[in-house]
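What follows is a single structure, written as structure tokens, with notes after it.
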Amino acid sequence: MRMKKYSELIFGASILAFGIFYFLLTNQLPRKGTVDAAFVPYILSAFMLLLGVLQIAVGVKASKNFDEKNYKPENLDYLTVLKTIALIVIYIAVLEPIGFLISTILFLFIGFNLLAPAGEKKNQLMNLIIAVLASVIIYYVFRNGLNLMLPQGILR
């Protein structure tokens, strides 16, 4: 039961440690100005560090308020985790040949449906609209804002 009491704290420390590791790796990237190839990794590492600190704060509070007598373990859905990992692997495999826009739209749409709560009606049209808008906005920001090319695939 001791591990359950500190699970949130351990998770926060893991996120913080990975954020520090990612920041150190990002620091080794060559810099060519303010907005370059290292810009987004610096933002991501800052978010990871912030989330790690916040999760540690939540973990400290949760460990203080932990009640062993009323603890009910969560019912984890391992099949959904495996499906999500498979979806990520497939996304990485098809990113170059199919292209960023199409593969990201499909990835997000399938991911939204996969991660939606079971038994809840899924709004397919809204999922598709969000997937398309997010993919187009990300592509536009990378192409025009950061001047970085993403794989075009079959849309050449």
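When each of 133, 125, 148, 114 is tested for being part of a helix (DSSP H, G or I), aliphatic (A, V, I, L, M) and in contact (Cβ under 8 Å) with a residue 12 or more places away in the chain, the lone residue that passes is 114. Got at least one residue in the stretch 113-133 being at pLDDT 90 or above and either among the aromatic types (Phe, Trp, Tyr) or closer than 30 Å to residue 33 by Cα (or both)? Scanning the stretch 113-133, I find at least one residue that is at pLDDT 90 or above and either among the aromatic types (Phe, Trp, Tyr) or closer than 30 Å to residue 33 by Cα (or both), so the answer is yes. Among the residues making up the stretch 14-37, a single one is touching a helix residue (DSSP H, G or I) at 6+ places or on another chain (Cβ under 6 Å), under 22 Å from residue 142 (Cβ atoms) and not aromatic (Phe, Trp, Tyr): 26. Of the residues making up the stretch 78-102, those that are in contact (Cβ under 8 Å) with a residue 40 or more places away in the chain and loosely packed, with under 15 Cβ neighbours inside 10 Å are 96, 97.
The values are calculated or read from the model by the stated rules, or taken from the named source; none is laboratory data. Nothing here was measured: the structure is a model prediction, and the numbers come from that model. For neighbour counting, all protein chains shown are included, and Cβ atoms are generated from backbone atoms with ideal geometry for every residue, glycine included.
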